[in-house]
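**Student:** Have a look at this one.
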Amino acid sequence: AIQITLVQDNLNTHHGGSFYKFMSPQAAHRLVGRFEWVHTPKHASWLNMAELEFSALQRQCLNRRIPVLERLQSEVEAWVAARERAGVTLNWQFSTQVARRTLGRHYEAIRIK
């Protein structure tokens, strides 16, 4: 690829400097220049919601050693199925209208006709 668009959260360890730890400065510089670094908004992101789900998965399902890949897959599938049966949802604290007003500066304006 000529350019790679990398969408990531705003964690302070997510930056091009990490490449320099594992490769020569010349190779790291060439690679870093190929990335388009796109950071999600700190407090208004679907990525934050996905991270909440991964956190729940880790605490409720992956908080122990699972030595076999097939067992890991079945454990995660069972966890997902249980959450779906229970109707677990993320509790987004804004109505759509309030979210657009409060968080609109984080996103491009979308006009609905």
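**Student:** So which of SER18, SER24 is modelled with pLDDT of 85 or more and small (Gly, Ala, Ser)?
**Tutor:** SER24
Yes/no matrix, rows are residues, columns are (1) at pLDDT 90 or above; (2) among the basic types (Lys, Arg); (3) in a helix (DSSP H, G or I):
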site	(1), (2), (3)
LEU52	no, no, yes
LEU57	yes, no, yes
ASN63	yes, no, no
ILE66	yes, no, no
LEU72	yes, no, yes
GLU77	yes, no, yes
ALA81	yes, no, yes
THR89	no, no, no
TRP92	no, no, no
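**Student:** Modelled with pLDDT of 80 or more, assigned to a helix (DSSP H, G or I) and not aliphatic (A, V, I, L, M), is that true of ARG85? Before you say what the answer is, go through the steps one by one.
**Tutor:** Numbers: modelled with pLDDT of 80 or more: yes; assigned to a helix (DSSP H, G or I): yes; not aliphatic (A, V, I, L, M): yes.
It is true that ARG85 is modelled with pLDDT of 80 or more, assigned to a helix (DSSP H, G or I) and not aliphatic (A, V, I, L, M).
The values are calculated or read from the model by the stated rules, or taken from the named source; none is laboratory data. On a predicted model such as this, the values are computed, not experimentally measured, just so you know.
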